[in-house]
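Inspection log for the structure reproduced underneath, given as structure tokens.
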Amino acid sequence: MSQPIQPHQAHAAKANTAKDNPPGVTGLRARIILGARDLHPAYFAMVMATGIVSIACHLLGHSWLAVILLWLNVIFYVSLWAMTGIRLINYPQRLFADLRDHNRSVGFFTMIAGTCVLGTQTLLIARQPDAAKVLWFFGLALWMFLIYAVFTNLTVKREKPELARGINGGWLVAVVGTQAVSLLGSQLSEFFASSRQEILFLSLILWLGGGMLYVWIISLIFYRYAFFVLEPSDLAPPYWINMGAMAISTVAGTVLIDNTPASPLLQSLSPFLMGVTLLFWATATWWIPMLLILGIWRHIYRRFSLRYDPLYWGAVFPLGMYTACTFRISKVMPLDFLDVIPRGFVYVALAAWGLTFFGLLLMLVRTIRPKDPAMAR
């Protein structure tokens, strides 16, 4: 039974609220600024998830849903950058502290992936290659900065956590971001008539580098699975990126295969591209039963509570990406019998997106209508 709030406790809570409020700012504006203060770097996974579910709907003929999700994603993307800007202005020390944190720093890679997934939406659904080019250049610039800023910081810092506390599936967003830049570059290559070969070469290098990065990181994650005690709280939603990183690698591979007629280099590598792409798809497929079993263990056997967390967008994204990658591989290779999988899986991805979005709406309602009277003023 909960204890009644004592007068001195209420006074302390009011004091803490006043301390948290930005000077001279109250009401909704204060709550927005405080929300920006606590914004998780991985929140751009919402853009990733919404974007790929939209693309999956587009590929499978659900055009009206794809368009609605595209416009929602534009709102999400602009809002998250606005919140990031507010955070940088008002709480720069928190943002830079996140860049040095082993668990939170890798969340910044969602900015890269979110930007390029939105670019793919813009290209395929809105048919705006010029806007997609802008997003690709921005995503490439983010990749060049963040991939080395984050890993350099984590390498040279003196105080580091043990492996069991420092590694999680979120680290694989580095792979997702790399492959997202490769994927959008390959898709846009035909719109760079004078430098198509160079764009395709860059996309190939990023695709191969992303694959190697996956091998390095998944080895540590698998080692953590097998040789350290795993508590339900350790099995955070980003572990689904174990599968999602391979799924986006599959899609990026299929687009490179599509471009083999335009590149002598890709044409000479065609059997290799097909073999590695199929390997990536097989690895993504292997992860699905494993992750489902671990989810059952976490939430049913160990009864870990299921409530909204921004990290759940990192679990929605792989479901949408697996839908897209299976659709793509069934078209690029003579595997028509796989076509039944994406036609069913797209509804799983939509359901997961809808539940997570509903959780976000409930959280926003609680934020806008706080119980604390001091915040309402």
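The values are calculated or read from the model by the stated rules, or taken from the named source; none is laboratory data. Everything quoted here is computed from the prediction, not taken from an experiment. Cβ: placed from backbone, ideal geometry, glycine included. Neighbour counts: every protein chain shown.
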**Study point:** Residue, farthest from residue 325 (Cα to Cα), within region 256-302, restricted to residues that are in a helix (DSSP H, G or I) and among the hydroxyl-bearing types (Ser, Thr, Tyr)
**Key:** 301
Point to revise | Filtered residues of region 204-236 (kept if surrounded by fewer than 17 Cβ atoms within 10 Å (Cβ to Cβ) and not in a helix (DSSP H, G or I)) | key: 228, 229, 230, 231
Practice item. Could you please tell me which pairs satisfy a Cβ distance under 6 Å, a separation of 6+ or placement on different chains, a first residue in region 226-243 that is polar (S, T, N, Q), and a second residue that is part of a helix (DSSP H, G or I)? Key: 242/169; 242/287
Check your understanding: So which residues in region 184-203 are crowded, with 17+ Cβ neighbours inside 10 Å and farther than 12 Å from residue 262 by Cβ?
Key -> 184, 185, 187, 188, 202
Practice item. Would you mind telling me which numbered condition in (1) in contact with a Phe, Trp or Tyr (Cβ under 7 Å, 6 or more places away or on another chain); (2) closer than 18 Å to residue 246 by Cβ; (3) modelled with pLDDT under 95 residue 164 fails? Key: (2)
Practice item. Could you please tell me which pairs satisfy a Cβ distance under 8 Å, a separation of 6+ or placement on different chains, a first residue in region 117-143 that is farther than 14 Å from residue 44 by Cα, and a second residue that is part of a loop (DSSP other than H, G, I, E, B)? Key: 122/128
Review point. Has region 292-312 got any residue that is in contact with a helix residue (DSSP H, G or I) (Cβ under 9 Å, 6 or more places away or on another chain) and on the phi > 0 side of the Ramachandran plot?
Key: yes
